[in-house]
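So the structure is just underneath, and the comments pick up after that.
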Amino acid sequence: MNSLKLDENQLIENFEAKLAKNEMIEPKDWMPEQYRKHLIRQISQHAHSEIIGMQPEGNWITRAPSMRRKMVLLAKVQDEAGHGLYLYSAAESMGISREEMLYQLHTGAAKYSSIFNYPTLTWADMGAIGWLVDGAAIMNQVMLQRTSYGPYSRAMVRICKEESFHQRQGYEIMTVLAAGTPAQKEMAQDALNRWWWPSLMMFGPRDEESPNSAQAIKWKIKRETNDQLRQRFVNQTVPQVEKIGLIVPDKDIKWNDAKNGYDFGEINWDEFWTVVKGNGPCNKTRIAAKIKSHEEGAWVREAANAHAAKINKNKAA
Amino acid sequence: MSQNNSLFNYILKIADNQLILGHRLSEQSSKGPFLEEDIACSNIALDLIGAANSLYIYAASIQGENKTEDDLVFLRSERDYKNVLLVEQPNTDFAFLMLRQFLFDTYDFYFQQALLNSKDETLAAIAAKTLKESTYHLRHSGNWMIRLGDGTTESAMRLKNAMNQLWCFIDELFEQDETEIALVAQGIAVDSNAIKAQFDNHVASIMQNAGMDIPTNIFMQKGGKQGVHTEHLGFLLAEMQYVHRSFPGVKW
Amino acid sequence: MNDSQGILWEVFIQSKPGQPHKHAGSVHAHDNEMALQNARDLYCRRNEGTNLWVVPASAIVASSPEDIGPFFEPSNDKVYRHPTFYTVPEGITHM
């Protein structure tokens, strides 16, 4: 009874015309099945990354060395839960339930950012993560504010606004440590050494090895390529390292006038794929911890459901 | 004990309760039964730790030896901590955790309400801010008492177990020593005897809605306010303080 | 439908007294009170609100993208609903 039925070709044409005009795609709009699938995969992966990302930092809340740092870290980890939640909601608008996404995460069918499969060993890791890991994530997220899917874009706008303090607090931790005692400075340098390369890996495989990337750019899900974002991150971060008197753990770092950016060394792609495939130092513990809290919470969710059902029944009666 | 000294100790008692409970709750970050509740618990932990922080800043200013809130938090040992035993009890399941919150929240709500009238203006000002937070905390944990009591057989059983384990720590909340009684007489400290009836009424009414019986004939444990703790506190402090203590005197 | 994550609610926040409520996002919860508290904890962490509405997502009736023509375009040419459609003599103010 609705307006005229359009055939598939015309629907695709309309869809692409919208993208060409930089209009947002909204949940009820027609979209190609591949576009939907790509986005569900990307958004849920992004949500899972926020949620698993709570663990390496949550690991240090109880040990933070000052009250100020403790409160900041707790607020930051809480923000990550919130951001995971915004993203799950965006994915839900495409017709997948949160329960299903969690199932995919727990069974390994869905991935999350590999960076969180590295351990946080010292307090300085809280600085390195905020500065480098959030820094790299923000680079990606700023771009995603202009992504073509409305709910995803709106979630990213909110997230970017809230995350602006995350990177600063991390850099502040590193700045104080680098200017502190020799032991503190050593702790800072050690954290930088361990987190530098994994942070560069966060942008994903090189463009020529990232087949999904081209399609994502065509659909305006992504606006820039992995290598472009990685280069920008390096350009932005190297001066920050030098400013606080630390050393970039890459002997090939060199300013290149011709490209107006830094040359940098080759990423260890074997390590990258090892971690992606599930064999990083913490892949198993992260998922095990997630499943454990999910299972331990099952009776709580059941109780809340049962109570709600009783209220509704009383209301109906 | 000098006037300043007894005020200092009184502030620490209040602050230690907030900090240690906030610490226990912060251990739960990323372990909640579902995402929204995880966020709620972190919020409450942040409120508690924030309230403790304001109190430690005030206490440090009274102490006057160029001490900071961090000195009070990270450099006092087990016997110097004056929190009640209830708040240091380690997390087990969600029923235990939420009941521990509920009992403390109820106490804290009436306590902060009474502290509003303190003749010590700083304490009264901190109480005004804290009271808004504890009003919310109490609503949150009170709702959970009813959900768990009324929910399933399992949730009711778990809540009952938690009651049996935690009930023995209730009387200590209202215990007063001589210096505290002196501060009450001066209109500075809260007369905790006076809020006991309010506490009992609120707990009884929520537990009635939750269909839970209040345990009877429980032997009451005390000692926290004198620095005689359960064995759990030592481990909590070891974890909380080790980074700070490993690098004496540095900036963070 | 109550799956184990609770049902989905849409959250509307009033940022200042007198302002309209605006859609902020969604939240999961099992009952009314929990929905309100979860919305507060999630969307008002930074002083964003003075009042909150939560509505079960299933209760919202929405127009469809196909409706864009029949629903919204007919008002395009009803320019007489706007004050600029009318001419008043020069010098007349406060109208």
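Think of it as helices only: each DSSP H run of n ≥ 4 in chain B is worth -39500 (n - 2.57), and spread over all residues that comes to -22500 deg cm²/dmol at 222 nm.
Contact with the other protein chains removes 20 Å² or more of accessible area, compared with the isolated chain and a 1.4 Å probe, from these residues of the range A:8-28: A:Lys28.
Apply the a/c threshold of 1.5 to the C-alpha gyration tensor of chain A and tell me whether it is rounded, prolate or oblate. Since a/c reaches 1.5 but b/c is at least a/b, the shape of chain A is classed as oblate. C:Gly49 sits among other residues whose Cβ lies under 11 Å from its own Cβ, and their net charge, with Lys and Arg +1 and Asp and Glu -1, is +4.
Most tightly packed first, judged by the mean number of other beta-carbon atoms within 10 Å of their residues, the peptides A:126-134, B:214-222, B:10-18 read A:126-134, B:10-18, B:214-222. Comparing each chain alone with all protein chains together (probe 1.4 Å, DNA, RNA and ligands left out), the residues of the range B:51-96 losing at least 30 Å² of accessible area are B:Asn53, B:Asp70, B:Phe74.
The charge dipole of the range B:3-246, taken about its Cα centre with unit charges on the Cβ atoms of Lys, Arg (+1), Asp and Glu (-1) only, comes to about 140 debye. Taking label points 7 Å from Cα along the Cα-to-Cβ direction, A:Ser164 and B:Ile62 give a separation of 3.9 nm. Computed on the range B:3-246, with alpha-carbon pairs under 8 angstrom and 6+ residues apart, the relative contact order is 25 percent. Over chain C, accessible surface divided per residue gives 67 Å², non-protein components excluded, 1.4 Å probe. Taking other residues whose beta carbon is less than 10 angstrom from the beta carbon of A:Ala216, and scoring Lys, Arg as +1 and Asp, Glu as -1, yields +4.
If you plug the beta carbon distance of B:Ala125 and B:Asp191 into 1/(1 + (r/R0)^6) with R0 = 30 Å, you get a FRET efficiency near 0.90. Could you tell me what percent of the accessible area of the protein assembly as shown is made up of carbon and sulfur, with a 1.4 Å probe and every protein chain present? Carbon-and-sulfur percentage of accessible area, whole number: 54. For peptide B:140-149, the mean count of partner chain Cβ atoms within 10 Å of a residue's Cβ comes to 4. Each Cα pair under 8 Å and six or more residues apart adds its separation to the average, and for chain A the resulting relative contact order is 18 percent. Look at the dipole of the range B:3-246 built from charges on Cβ: of B:Leu233, B:Ile44, B:Leu86, the Cα furthest out on the positive end belongs to B:Ile44.
With respect to the cross-link table entries B:Lys13/B:Lys132; A:Lys70/A:Lys243; A:Lys37/A:Lys220; A:Lys290/A:Lys310, which display a Cα-Cα separation exceeding 23 Å?
A:Lys70/A:Lys243; A:Lys290/A:Lys310
Chains A and C together bury some 2100 Å² of accessible area, summed over both sides, with a 1.4 Å probe.
Net charge dipole, chain C: roughly 420 debye, given to the nearest 20, about the Cα centre with Cβ charges of +1 for Lys and Arg and -1 for Asp and Glu.
Per residue, how large is the accessible surface of the range B:3-246? Use a 1.4 angstrom probe and give square angstrom.
Values: 9230 Å² over 244 residues.
For the range B:3-246, the per-residue accessible area is 38 Å².
Entry comment: accessible area of the range A:235-317 is 60 Å² per residue, from protein heavy atoms only and a probe of 1.4 Å.
Buried surface between chains B and C: roughly 1200 Å² of accessible area, summed over both sides, computed with a 1.4 Å probe on protein heavy atoms only. Working from Cα pairs under 8 Å separated by at least six residues, relative contact order for chain C is 26 percent. Interface between chains A and B: roughly 3800 Å² of accessible area buried, both sides summed (probe 1.4 Å, protein heavy atoms only).
Can you give the net charge of the other residues whose Cβ lies under 13 Å from the Cβ of B:Ser30, counting K and R as +1 and D and E as -1?
-3
The values are calculated or read from the model by the stated rules, or taken from the named source; none is laboratory data. Quantities reported herein were computed from a predicted structural model and do not represent experimental measurements. Here Cβ is always computed from backbone atoms with ideal geometry, including for glycine, and neighbour counts include all displayed protein chains. For accessibility, only protein heavy atoms count, side chains too; no ligands or nucleic acids. Shrake-Rupley method; radii C 1.70, N 1.55, O 1.52, S 1.80 Å.
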